[in-house]
Amino acid sequence: MKRYFITLAAVFISITLFAQNKNIDPGAVWPDNNGDHIQAHGGGIIKIKNTYYWYGEERRKGLDTNYRYVSCYSSPDLMNWKFMGDVVKMQDPENLGYRWILERPKVYYNKPTKKYVMYFHLDTRNYKYARIGIAISDKPDGDFKFVKSFRPLDHESRDIGQFIDDDGTAYLVFEDRALGFHIAKLSGDYLSIEKEMSLVKEPLEGGAIVHYKGLYYAIGSALTGWNPNPNKYATSKSLEGPWTEFKDIAPPETKTYGSQSTMLIKVIGSKSTTVIYMGDQWRPKSQWDSRYLWIPVEIGEGKLWLPSPKPFTIDVKTGEFKYSNN
Ligand code: GAL
């Protein structure tokens, strides 16, 4: 009997240790390697060699409210994520006061300096400070140290988005209520903004871009805070524009299936290229339980569309995705 229980316990432990996510289930609780719901809201993903790193707002329950936290997860396959820890635990860096804001962290790897450079939205509680913050680290999993904050090209900047083009050039998308949203090129060391590529005069935030078969597709959400709205896209042959009119990316009545755009990930494999829309389903009253809506998009020839969310697997080697049956 005793032996039976020991065997059972061993089976249970190995199942828990090696529990694998078999697919990506949009909008469901997404367990990390410890079985905890991933905390990487408003996030960004980069690939270094064969590893993906996902950074985002750490909003788990019980955090010390004197700090703001950014988490990091790593993955070989985009489905199973290992928690690498909170790579930022920051105290108010600039006297911003009660309920200061650090949102939408994005990390770029700068080859010349071998530094990981994190951009984030730094703000006061009333969102009037409207600046970019920068923190750097020697390793992908931190610690990231605060360097400075600024207004990119002297513009207000709230939601930010990250875009790295196929040639490796790094760009920042930033939202500026007064004018629209900007697409700007980073400087050589990534510590500042070099120049503006486009100012898209459309009130959009949560900006994201993908370069697919010779066209740039830019998406964003309307300015409705935590509440979802119909997100839209436009295309251009060049990051400098001109951009087409903005059109819906999903049936407008679904309000982007209750989500807000954060990033477009392009998975280039040996057989195919899949672009995944990465959105946040915010739960403002229980942010730790906010969900992720990932959907492989229908894209090409100037069209971008989110089919209704269904569980899927992605093969990062072949670049193919497949809907699964659960
Ligand atoms: C959203 C924005 C989020 C957060 C929120 C606060 O519009 O995308 O990142 O700032 O507003 O209301």
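The values are calculated or read from the model by the stated rules, or taken from the named source; none is laboratory data. Keep in mind that this is a model prediction, so the values were computed, not measured. Ideal geometry is used to build each Cβ from the backbone, glycine not excepted, and the neighbour counts take in all protein chains shown. In case anyone asks, the SASA skips ligands and DNA or RNA and just uses the protein heavy atoms, side chains included. Shrake-Rupley method; radii C 1.70, N 1.55, O 1.52, S 1.80 Å.
Between SER187 and LYS271, the simple spin-label model (points 7 angstrom out along Cα→Cβ) gives 4.6 nm. Overall, the accessible surface of the chain at a probe of 1.4 angstrom is composed of carbon and sulfur to the extent of 52 percent.
Candidates PRO230, SER198, ALA170 compared by Cα position along the dipole of segment 162-250: farthest toward the positive end lies PRO230, with charges placed on Cβ. Per-peptide packing, taken as the mean over residues of other Cβ atoms within 10 Å, places 137-143, 232-238, 115-121 in the sequence 115-121, 232-238, 137-143 from highest down. If you average the sequence gap of Cα pairs under 8 Å that are 6 or more apart and divide by the length of the chain, what percent do you get for the contact order? After rounding, I find 13 percent. Relative to the Cα centre, the charge distribution of segment 23-323, modelled as +1 at Lys and Arg Cβ and -1 at Asp and Glu Cβ, gives a dipole magnitude of about 240 debye. Considering the dipole of the chain built from charges on the beta carbon (Lys and Arg +1, Asp and Glu -1) around the Cα centre, which of ALA218, TYR323, PRO296 is farthest to its positive end? So the residue furthest toward the plus end is TYR323. Seen from all directions on average, the chain presents a Cα convex hull projection of 18.3 nm². Placing a label point 7 Å from the Cα of LYS213 along the Cα-to-Cβ line, the residues of segment 242-271 whose backbone N sits under 16 Å from it are 266-269, 271. Considering only THR113, PHE181, ASN80, and ranking their Cα positions along the charge dipole of segment 23-323 that arises from unit charges at the beta-carbon of Lys, Arg, Asp and Glu, the one farthest toward the positive end is ASN80. Quick one: angle between helix 2-17 and the longest Cα principal axis of the chain, in degrees between 0 and 90, rounded to 10, please. Tilt relative to the chain: about 10 degrees.
Rolling a 1.4 Å probe over the heavy atoms of the protein chains gives the chain an accessible area of 48 Å² per residue. List the lysines whose Cα lies under 17 Å from the Cα of LYS111, skipping any in the same chain that are fewer than 8 positions away. Answer for LYS111, where 17 Å is the Cα cut-off: LYS47, LYS49, LYS139, LYS185, listed by chain and number. Between the alpha-carbon centres of segment 182-205 and segment 77-126 there is a gap of 18 Å.
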